[in-house]
Amino acid sequence: MSLSITPLIPDATNGARDEIKLMIQDDGVGYSSERGSSEHMGIGFMRERAASIQASLSLESQPGYGTKMTLIWCRESENTV
């Protein structure tokens, strides 16, 4: 598991922002998205929660090779001058 925060360069349309990235990876049994089993594991709920904070969620998995989940969320920075 890793968690990182990267300051993004502000531009004319956005103020200062940070990119927060959470990555969780395991070496478990994985799953096949073709069989539809992913929704039974709460992935639909995770997608809804990510959308509610305007974050992107990606999942990579193969049977026998585990799963990798990456969530990326941009937030306004707390700048102190």
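Quick notes
- Karplus-derived 3J(HN,Hα), 6.51/-1.76/1.60, for each residue of region 16-27, Hz, glycine and proline x: 5, 9, 10, 9, 9, 10, 10, 10, 10, 9, 10, 10
- Förster radius 22 Å - calculated FRET efficiency between Phe45 and Ile20 (Cβ-Cβ, nearest 0.05): 0.65
- Amide H partners (placed H, <5 Å) of Cys74, local residues excluded: Ile20
- Residues Ile72, Ile24, ranked from the fewest to the most other C-beta atoms within 10 Å, line up as Ile24, Ile72.
Rule-based calculations on the coordinates, nothing more; no lab input. No experiment lies behind these values; they were computed from the predicted model shown. Neighbour counts are summed over all protein chains in view; Cβ atoms, including those assigned to glycine, are modelled from backbone coordinates with ideal geometry.
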